[in-house]
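Shown next, in structure tokens, is the structure this report addresses.
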Amino acid sequence: MSLPQFRLLRPRTIAEAVDYLSKHSEGKGVERAPSPASSTALRILAGGTDLIPSMGQKLFEPEYVLDIRHIAELKGIHPQQGSGVTIGALTALTAIEHSNFLRQHYLVLTEAVATIASPVLRNMGTIGGNICLDTRCLWYNQSLTWRKACGFCIKKDGDLCHVAPGGAKCWAAFSADTPPALLCLDAEIEIAGPAGTRRLPLRDFYTGLGDDYRKLQPNELLTRVVLPEKSADYRGLYRKLRIRGSIDYPLAGVAVVMRRSNGHVKDARIGLTAVNPAPVLVKGATELLEGKQLTEELAEAAGDLAAKTAKPLTTSALTPEYRREMIRVFTKRALLAAASN
Ligand SMILES: Cc1cc2nc3c(=O)[nH]c(=O)nc-3n(C[C@H](O)[C@H](O)[C@H](O)COP(=O)(O)OP(=O)(O)OC[C@H]3O[C@@H](n4cnc5c(N)ncnc54)[C@H](O)[C@@H]3O)c2cc1C
Ligand code: SF4
């Protein structure tokens with residue numbers, strides 16, 4: 001599949017990137033119908049492991065591609081004395097996977113990263129690209145010819161949803177592995193734009209809409225992820241359902257962090273991915289687990305709560321029922337494992 005024509009911009013600093021974004025993010029682009037996910041005239045290229053295949057499928061046809069790979073200040077894992085760690089948006093997934101510091105203090109993140117795609121894709125792919133990853137659907141991640149034959153859909157070029165016909169909402173599933181782990185760690189993100197730099201909790205970044213899934217203006221870019229000190233040293237696990245064990249997107253993913261004291265749960269959080277249009281924290285999980293001994297029954301109750309939070313639809317391979325059931329099973333297993341080591 002050939003790439004659409006575009007102009008390549010290569011900034012060397014964040015300031016230069018923001019300057020390009022201010023000038024070119026409102027350009028023409030190639031549009032067939034208004035669609036928030038694809039309407040940007042400029043696309044940011046980090047590792048390109050998702051953007052380039054998507055451009056080949058003509059899901060994005062930007063006039064400009066902003067290649068941020070040469071911005072050194074966007075790379076690196078920087079522990080901050082007494083206030084956690086910052087991770088540059090352009091840091092390779094492999095660097096995170098092999099970071100002794102992160103493995104020691106923020107284990108759930110390194111666990112989740114290690115399950116992404118394959119070693120080669122983790123060398124190329126970045127944490128910023130993973131957080132900003134487009135939502136996925138069987139009706140969307142297809143070639144232009146395929147989508148045209150089906151009459152397109154709301155997320156790109158059309159006005160109907162094949163998954164929930166009659167509705168006006170896109171339910172494409174958010175399918176990146178690190179966000180549920182980052183949500184459990186109470187991560188914040190830093191975003192740069194013409195108005196300066198803003199910081200927001202990651203939990204406020206996603207909208208829950210499949211076709212307009214993140215709160216990022218076309219003239220903004222993600223610069224850093226911040227993990228707070230208070231989230232360090234939790235026990236953490238990530239469990240993922242996929243078809244090919246060696247290289248595949250999650251079809252259901254569960255991240256769990258837990259701190260215990262005297263054999264009782266002191267604090268715990270559960271994050272989900274690939275079963276909703278946004279990664280989510282399971283509401284009520286902390287309250288359910290806090291102060292109790294983690295028995296089989298309690299882990300099962302938490303699994304039930306997680307399964308209720310999951311709303312998988314026919315956007316992905318495997319049935320929604322099976323994916324929801326695996327959320328229940330993984331949550332229970334992950335909690336019991338976290339409590340036993
Ligand atoms: C075969 C295959 C298997 C895969 N399996 C998985 C998997 O198991 N789990 C998983 O999570 N992912 C998977 N992926 C997707 C992808 O490899 C990863 O999500 C990776 O982390 C994306 O990072 P990237 O730097 O390559 O992003 P890019 O492809 O460069 O960008 C992805 C999106 O994020 C935007 N973006 C990137 N950086 C920024 C930034 N700093 N600010 C604002 N916007 C930005 C881009 O504009 C684009 O919309 C897979 C991909 C392939 C091809
Ligand atoms: S959920 Fe519906 S609108 Fe969204 S990508 Fe799938 S078919 Fe298209």
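Among Ala112, Ala89, which is buried (at least 20 other Cβ atoms within 10 Å of the Cβ), more than 8 Å from ligand 1 (Cβ to nearest atom), under 17 Å from Leu183 (Cα atoms) and of a type in the set (Gly, Ala, Ser)? Give the derivation first.
Working: Ala89 fails: more than 8 Å from ligand 1 (Cβ to nearest atom).
It is Ala112.
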Taking the range 150-169 and keeping residues of a type in the set (A, V, I, L, M) and within 7 Å of ligand 2 (Cβ to nearest atom) leaves Ile154, Val163, Ala164
Taking the range 237-256 and keeping only residues that are touching a Leu at 6+ places or on another chain (Cβ under 6 Å) and modelled with pLDDT under 95, one is left with none
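Hey, can you tell me all the residues within the range 139-163 that are away from ligand 1 (no atom under 16 Å from the Cβ), of a type in the set (Phe, Trp, Tyr) and closer than 15 Å to Thr314 by Cβ? First the steps, then the outcome.
Residues of the range 139-163 that are away from ligand 1 (no atom under 16 Å from the Cβ), as a first pass: 139, 144-154, 157-163.
If we keep only those that are of a type in the set (Phe, Trp, Tyr) as well, we get 139, 146, 152.
Listed by number, the list holds a single entry, Trp139.
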Across (1) hydroxyl-bearing (Ser, Thr, Tyr); (2) more than 13 Å from ligand 1 (Cβ to nearest atom); (3) crowded, with 20+ Cβ neighbours inside 10 Å; (4) within 21 Å of Ala310 (Cβ to Cβ), Ser231 clears everything bar (4)
Of the conditions (1) modelled with pLDDT under 95; (2) surrounded by 19 or more Cβ atoms within 10 Å (Cβ to Cβ), the single one that Arg32 does not satisfy is (2)
query = Has the range 173-195 got at least one residue that is more than 22 Å from Ile243 (Cβ to Cβ), near ligand 1 (Cβ under 10 Å from one of its atoms) and in contact with a helix residue (DSSP H, G or I) (Cβ under 9 Å, 6 or more places away or on another chain)?
reply = yes
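Could you please let me know if Leu144 is within 16 Å of ligand 2 (Cβ to nearest atom) and surrounded by fewer than 17 Cβ atoms within 10 Å (Cβ to Cβ)? Before you say what the answer is, go through the steps one by one.
On the way: within 16 Å of ligand 2 (Cβ to nearest atom): yes; surrounded by fewer than 17 Cβ atoms within 10 Å (Cβ to Cβ): no.
No: the conditions fail for Leu144.
The values are calculated or read from the model by the stated rules, or taken from the named source; none is laboratory data. Bear in mind the structure is a predicted one, so any value in this text is a computation, not a measurement. Counting neighbours? That spans all protein chains shown, and the Cβs are built from the backbone with ideal geometry, glycine included.
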